[in-house]
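The values are calculated or read from the model by the stated rules, or taken from the named source; none is laboratory data. Source: prediction; values computed, not measured. Using ideal geometry, Cβ is built from the backbone for each residue, glycine included, and neighbour counts are taken over all protein chains shown. To get the accessible areas, we keep the full protein, side chains included, count just its heavy atoms, and leave off ligands, DNA and RNA. Shrake-Rupley method; radii C 1.70, N 1.55, O 1.52, S 1.80 Å.
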Amino acid sequence: MRPSGAGILARHESPSTESRRSRPPKAHYPHLLWRETVRCSKCEAPAVTLIRYSGQHLCRDDFLVFVERRVKHEVRSQVNLEGGERVAVGLSGGKDSSVATVLLHDILSIRRDVELVAITVNEGIASYRPGSLPLAEALCKDLGIEHRIVRLEDTAGWAMDDVVGADPTAIPCSYCGVFRRQALNVAAKETDADYLATGLNLDDTAQSILMNVARGDIDKLARLGPHERVQPGLVPRLQPLRMIPEKEAYLYAMLRGIRFHDATCPHAERAQRGRFREIVNHLEEESPGTRHAIVRGYDQLRPLFAEHFPPAPLQECVVCGEPTSRITCKACELQGRLSTVEGLADRARSR
Ligand code: SF4
Ligand code: ZN
């Protein structure tokens, strides 16, 4: 379906359009407010935030423009859309993916020849996912974009609640991450998408880089998106929020009135990523700009990675047909493991 955008401008208004025109002249602000309020570094409006890594105070409108400019720049640097493409966006209903969806809609809706479609993966976590699905649906309806929901139960044969029951000692994310990537890739191909955008933000990206460095996993480090090469069977990833800090994505959603699911998965605290989140937060707190430095440093190394660690050629998994560098893909390997542990548990119960 062609994104219409009708009906969303009032709620998801961009400062570059209506709100800038309707903002009252600076002279109309009460005099006292000006004395007591920290002002925007770019204009005289009251500031809503301090960008610590640049030292700028920004008002609502200048903050929105600040985010939008970087996202536009990032999308342009990651992909050259020639027309006729379909871009899928993984939309969980959380802040990052909702902001990525709205911004991609803003950027792409001026292109009549590029379509945006959203894909939501329902992992089957009863205490978490049902809260976000109606919000993801409502956002797509507002934006007038096609929305597809896929269930891990259908694509991987397992809902995450059952995975946790079958293999309680494993870290749930080690299953969920693999199954979810597979589900998104399958759904993106089914919707004929040429690209798959995700809501990964600057914090996520810096954490992933450090995590793979700490593990010495150079192959994985070299393969962190966005994907520059098209590999057969793998829909190339886009990361529009790659240079947007998590807190800025949150504030952007709040200031534009984007409704999102503000909850944390019950399994998140068991994820190994949590330690790296703390480390990155600590470094950023002590030296603002560290996250940008980590990602920019990584980007300077990318050409070397591409030369010395080219991605292994992909082939079809002998079980499911999804792309893999091995004979059987990781998702099928994990499904095999689950069948084994479930079988062992059944046998133990029947003794
Ligand atoms: Fe899945 Fe882990 Fe994310 Fe929860 S925190 S949705 S289990 S990857
Ligand atoms: Zn497989």
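When you look at Pro168, is it more than 13 Å from ligand 1 (Cβ to nearest atom) and without any contact (Cβ under 8 Å) to a residue 24 or more places away in the chain, yes or no? Please lay out each step first, then the result.
Values: more than 13 Å from ligand 1 (Cβ to nearest atom): yes; without any contact (Cβ under 8 Å) to a residue 24 or more places away in the chain: yes.
In short, yes.
Looking only at strands (runs of 3 or more DSSP E) that fall completely inside the stretch 35-92, which ones have 1 or more residues that are surrounded by 15 or more Cβ atoms within 10 Å (Cβ to Cβ) and among the charged types (D, E, K, R)?
Numbers: elements: 49-51, 56-58, 86-90.
Hits in the stretch 35-92: 86-90.
Here are the criteria: (1) without any contact (Cβ under 8 Å) to a residue 12 or more places away in the chain; (2) buried (at least 21 other Cβ atoms within 10 Å of the Cβ). Tell me which single one Lys141 does not satisfy.
Among (1) without any contact (Cβ under 8 Å) to a residue 12 or more places away in the chain; (2) buried (at least 21 other Cβ atoms within 10 Å of the Cβ), the lone unmet condition for Lys141 is (2).
The conditions are (1) of a type in the set (A, V, I, L, M); (2) loosely packed, with under 13 Cβ neighbours inside 10 Å; (3) in a loop (DSSP other than H, G, I, E, B), and Ile244 fails exactly one of them. Which is it?
Evaluating Ile244 over (1) of a type in the set (A, V, I, L, M); (2) loosely packed, with under 13 Cβ neighbours inside 10 Å; (3) in a loop (DSSP other than H, G, I, E, B) leaves (2) as the failure.
Checking Val295 against (1) under 30 Å from Ile125 (Cβ atoms); (2) out of contact with any helix residue (DSSP H, G or I) (no Cβ under 8 Å at 6 or more places or on another chain); (3) surrounded by 14 or more Cβ atoms within 10 Å (Cβ to Cβ), which test does it fail?
(2)
How many residues are of a type in the set (Val, Ile, Thr), over 20 Å from Leu238 (Cα atoms) and touching a His at 6+ places or on another chain (Cβ under 7 Å) when one looks only at the stretch 100-140?
First, the residues of the stretch 100-140 that are of a type in the set (Val, Ile, Thr): 101-102, 107, 110, 114, 117, 119-121, 125.
Still in the list and also over 20 Å from Leu238 (Cα atoms): 125.
When the remaining residues are screened for being touching a His at 6+ places or on another chain (Cβ under 7 Å), the result is none.
Selection size over the stretch 100-140: 0.
Restricting attention to the stretch 257-276, which residues are charged (D, E, K, R) and touching a Pro at 6+ places or on another chain (Cβ under 9 Å)? Spell out how you get there, then give the answer.
We begin by selecting, within the stretch 257-276, every residue charged (D, E, K, R); these are 259, 262, 269-270, 273, 275.
Within the stretch 257-276, just Arg270 meets the criteria.
Residue under question is Ile125, and the condition is that it be assigned to a loop (DSSP other than H, G, I, E, B), buried (at least 19 other Cβ atoms within 10 Å of the Cβ), within 16 Å of ligand 1 (Cβ to nearest atom) and of a type outside the set (Gly, Ala, Ser); does it hold? Spell out how you get there, then give the answer.
Values: assigned to a loop (DSSP other than H, G, I, E, B): yes; buried (at least 19 other Cβ atoms within 10 Å of the Cβ): yes; within 16 Å of ligand 1 (Cβ to nearest atom): yes; of a type outside the set (Gly, Ala, Ser): yes.
Here the answer is yes, as Ile125 does meet what is asked.
Among the candidates Pro266, Pro323, Pro288, single out the residue that is in contact with a strand residue (DSSP E or B) (Cβ under 8 Å, 6 or more places away or on another chain), touching a residue at least 24 places away in the same chain (Cβ under 8 Å) and either within 16 Å of ligand 1 (Cβ to nearest atom) or over 21 Å from Cys173 (Cβ atoms) (or both).
Values: Pro266 fails: in contact with a strand residue (DSSP E or B) (Cβ under 8 Å, 6 or more places away or on another chain); Pro288 fails: in contact with a strand residue (DSSP E or B) (Cβ under 8 Å, 6 or more places away or on another chain).
Unique residue meeting the criteria: Pro323.
Which members of the stretch 211-233 meet the condition of being open to solvent by 50 Å² or more (accessible area, probe 1.4 Å) and touching a residue at least 60 places away in the same chain (Cβ under 8 Å)?
Within the stretch 211-233, Ala214, Ile218, Asp219, Arg223, Glu228, Arg229, Pro232 meet the criteria.
In the stretch 303-320, which residues are in a helix (DSSP H, G or I) and surrounded by 13 or more Cβ atoms within 10 Å (Cβ to Cβ)? Working first, answer last.
As a first pass, look at the stretch 303-320 and keep what is in a helix (DSSP H, G or I): 303-308.
Across the stretch 303-320, the qualifying residues are Phe305, Ala306.
Output the qualifying pairs, or none if there are none: Cβ atoms under 6 angstrom, residues six or more apart or on different chains, first residue in the stretch 189-209 and acidic (Asp, Glu), second residue open to solvent by 10 Å² or more (accessible area, probe 1.4 Å) and in a helix (DSSP H, G or I).
These pairs meet every condition: Asp203/Glu246.
Would you please name the residue that is most open to solvent (accessible area, probe 1.4 Å), looking only at residues in the stretch 269-283 that are near ligand 1 (Cβ under 10 Å from one of its atoms) and of a type in the set (D, E, K, R)?
Glu269
Restricting the stretch 219-254 to residues that are more than 23 Å from Asn281 (Cα to Cα) and hydrophobic (A, V, I, L, M, F, W, C), which is modelled with the lowest pLDDT?
Restricting to residues being more than 23 Å from Asn281 (Cα to Cα) and hydrophobic (A, V, I, L, M, F, W, C), the top hit is Val230.
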